[in-house]
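Participant: Quick one: structure below, then a few questions.
Laboratory data are not the source of any read-out in this text; all were calculated from the coordinates shown. What you see is a predicted model, and the numbers here were worked out from it, not measured in a lab. Using ideal geometry, Cβ is built from the backbone for each residue, glycine included, and neighbour counts are taken over all protein chains shown.
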Amino acid sequence: MPATVTTTHTTAAMTTTSAAIIAAGRRKHLVIQNNGPNTIWIKVGAAAVVNEGYRLEPTGTFVMSPQEGNLDVLAVNGITAVGTATALVGESV
C-alpha cells in the first residue's frame, strides 16, 4: 500500500523584512505561489535577501520536490523589496 500523504494549505504575509514562509519540517513536496502585487525573493535555510535566492514574480509558483531535484526540509523564508505580498503555501508530508 502506498504511503499516505497529507497536504496542508497556509498563507504567509511577506514584507520588506525577512519572514518565514514555512518552518522546517519533514516535507515531501512544497508549492509556494505569489498571490500579491510585488516580487518575493525566497531563500531556503537562511534569511531571505532581496535579489538573492529564488525570485517569485506575482502569480508565479515555486515548487520544491524530489522530481525537481531541490527538495529540502529546512525553513523557507521570503522578503519583498517594496510593499507586501501574500505567499500561498501547500506543503505535503
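Participant: What ³J(HN,Hα) values, in whole Hz, does the Karplus curve 6.51 cos²θ - 1.76 cosθ + 1.60 give for region 80-87 when θ = phi - 60°, with x put for Gly and Pro?
Facilitator: 10, 7, 9, x, 10, 7, 10, 9
Participant: Would you tally the net charge around residue 31, using a Cβ to Cβ cut-off of less than 15 Å, leaving residue 31 out, and scoring K and R as +1, D and E as -1?
Facilitator: On the way: positive: 27, 28; negative: 68, 72, 91.
For residues surrounding residue 31, the net value is -1.
Participant: Output needed for region 7-92: three equivalent-ellipsoid semi-axes, defined as square roots of 5 times the C-alpha gyration tensor eigenvalues, in descending order, whole Å.
Facilitator: 19, 13, 11
Participant: Let me ask something additional. Using each residue's phi in region 27-32, evaluate 6.51 cos²θ - 1.76 cosθ + 1.60 at θ = phi - 60° and report the 3J(HN,Hα) Karplus result to the nearest Hz, with x for Gly and Pro.
Facilitator: 5, 10, 6, 9, 10, 10
Participant: Same structure again: For region 1-48, rounded, prolate or oblate, judged on the Cα gyration tensor with a ≥ b ≥ c (square roots of eigenvalues), a/c < 1.5 rounded, else prolate if a/b > b/c?
Facilitator: prolate
Participant: What number comes out for the charge environment of residue 93, summing +1 per Lys or Arg and -1 per Asp or Glu over other residues with Cβ under 11 Å away?
Facilitator: Working: positive: 26, 27, 28; negative: 91.
Here the count lands on +2.
Participant: So if I take the centroid of the Cα atoms in region 1-66 and the same for region 68-93, what is the distance between those two points in Å?
Facilitator: 1 Å
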